Structures are given as structure tokens and as C-alpha cells.
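Everything on this sheet refers to the single structure shown next.
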Amino acid sequence: MERWATFDCYGTLIDWNGGIRAELARVFGENAAERLLARYHELEPQIEREDPSRSYRVVLREALRRLGAEEGVELSHPDALARSLPGWPPFPEAPGALGELRVRGWRLAILSNTDPDLLAASIHEIGVPVDLRVVASELGSYKPAHAHWEHFFAESGADREHHVHVAASHFHDIVPASELGLRSVWINRLGETRIEPRPARELRDLTQLPEVLDELVPA
């Protein structure tokens with residue numbers, strides 16, 4: 001029976017906070033970057049809920065526009081976040097962890113709140129192929145809604161007992177995975193306080209992920 005690991009991308013494999021913060025610092029100045037990053041985290045899910053049919057590129061543009069309006073700044077390049085995304089780096093251990101999972105026979109999928117071309121650029125940065133990609137702009141749905149997982153199971157034919165979801169966002173990924181009765185591993189990079197629902201495992205990064213997934217779903 002095939003073993004499947006599904007991943008969120010941004011925040012889990014790609015340094016989402018670092019990428020956004022760097023661009024906010026470039027646009028608004030270093031002194032405002034940390035404050036605006038926190039505000040961005042409030043705006044993005046709000047914009048996604050307002051119109052799930054929006055592409056992620058449009059979500060990024062709208063979030064930056066609203067930040068600019070709040071700051072009284074007229075933006076010369078409203079697409080700056082989307083233009084910067086293909087260069088956001090993977091976390092240092094991500095390529096090795098994914099490569100090791102492939103060696104161990106795991107099939108890999110990414111379920112992401114993004115667009116196909118943006119995700120393709122990030123997978124290129126990671127340098128490890130994946131077997132299936134599910135993106136918000138093709139579904140007209142953003143996590144934490146369940147459509148990403150429903151589409152994944154329909155497309156892959158994966159057995160739920162031989163599947164684990166891996167993600168850094170408790171809100172976007174761990175909560176819906178729990179609602180669907182799925183095993184999950186929370187990559188708690190920010191050292192957040194443990195909250196309900198609990199994942200099957202909690203890790204600080206991906207370094208030990210291959211061993212943990214093999215424990216959860218033995219070959």
C-alpha cells in the first residue's frame with residue numbers, strides 16, 4: 001500500500017514569514033516590517049474568506065494595497081509580494097527531509113493556498129519533485145476549508161490509514177486535518193503554545209520528519 005505525505009508549502013517548506021517580511025521591509029522600511037508582518041497575518045485570511053475565487057496573486061496584491069492604505073503609502077508596485085514569492089527560500093532542512101522521504105518510498109503532495117505558477121517556482125527552489133499538487137486558485141477554495149484534502153484523496157486514491165499531513169499552520173492545516181480525522185504532524189517553528197486539537201506529533205522543524213512518519217505509518 002502506498003504511503004502518502006501531504007504538505008503545506010509556505011511556512012512549512014518555504015520561509016513564508018522571512019519572504020514576506022523582507023519585502024515589507026523593502027517597501028515600507030525596516031522599522032515597520034515586524035509590525036506590518038503581524039498585520040499581514042490578520043489581513044490574508046480575511047481577504048481569502050471575502051472571495052475564495054480570488055487567485056493568491058490577487059490576495060497578495062490586495063493585502064499589500066490595504067497595508068499601504070493603512071500606512072498612507074502610495075505603492076509603486078502593488079504586485080511586489082507576488083513578484084518576490086518565487087525567490088523565497090526553502091528552510092535549510094526541507095530539501096533533505098523531502099529527499100529522504102522519497103528514498104524511503106513515500107509519495108509526496110503539496111496542498112497550498114497559492115497559484116500553480118507560484119507553487120511551481122517554489123518547488124523548483126526546493127529541488128525535490130512531488131507527485132501531486134493541489135492549489136487554491138484551481139479549487140476556488142482556501143484552507144482551512146476542506147476542499148484541498150477532498151481533492152487530494154479523489155485524485156490520488158490514497159488510503160487514509162497510510163497518509164499523514166504535515167504543516168506549520170495550526171489554523172490553516174492542523175485544525176481541518178483533525179476535523180477530517182487525519183493524522184497530522186505540526187511543524188511548530190515559532191514555538192507556539194500547544195493548543196487544541198493536538199496533532200499526532202509536534203516537531204520544531206523537518207529534521208526528524210522521515211523517522212516520525214515511518215513511526216506513524218510503518219512500511
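The values are calculated or read from the model by the stated rules, or taken from the named source; none is laboratory data. Here the structure is a predicted model, which means the values were calculated and not measured. Cβ: placed from backbone, ideal geometry, glycine included. Neighbour counts: every protein chain shown. Note: accessible area is taken over every heavy atom of the protein model, side chains too, but ligands, DNA and RNA are not part of it. Shrake-Rupley method; radii C 1.70, N 1.55, O 1.52, S 1.80 Å.
Within the set of pairs 6 or more residues apart or between chains, which connect a residue that is modelled with pLDDT under 95 inside region 196-208 to a residue that is of a type in the set (Lys, Arg) with Cβ atoms less than 6 Å apart?
none
Tell me which of these Val166 doesn't satisfy, since it passes every other one: (1) closer than 19 Å to Val135 by Cβ; (2) at pLDDT below 95; (3) β-branched (Val, Ile, Thr).
Tallying (1) closer than 19 Å to Val135 by Cβ; (2) at pLDDT below 95; (3) β-branched (Val, Ile, Thr), Val166 fails exactly one: (2).
Only residues that are in contact (Cβ under 8 Å) with a residue 12 or more places away in the chain and either among the polar types (S, T, N, Q) or open to solvent by less than 30 Å² (accessible area, probe 1.4 Å) (or both): list them for region 42-61, please.
Leu43, Glu44, Pro45, Ile47, Glu48, Ser53, Ser55, Tyr56, Val59, Leu60
I need a count of the residues in region 204-219 that are more than 16 Å from the chain's Cα centre (by Cα) and not in a helix (DSSP H, G or I).
Residues in region 204-219 being more than 16 Å from the chain's Cα centre (by Cα) and not in a helix (DSSP H, G or I): 5 in total.
Among the helices (runs of 4 or more DSSP H) contained in region 1-74, which hold 2 or more residues that are at pLDDT below 95 and on the phi > 0 side of the Ramachandran plot?
Filter on region 1-74 gives an empty set.
Please state which of the following conditions Glu150 fails to meet, knowing it meets all the rest: (1) in contact (Cβ under 8 Å) with a residue 24 or more places away in the chain; (2) closer than 20 Å to Val130 by Cα.
In the conditions (1) in contact (Cβ under 8 Å) with a residue 24 or more places away in the chain; (2) closer than 20 Å to Val130 by Cα, Glu150 misses (1) alone.
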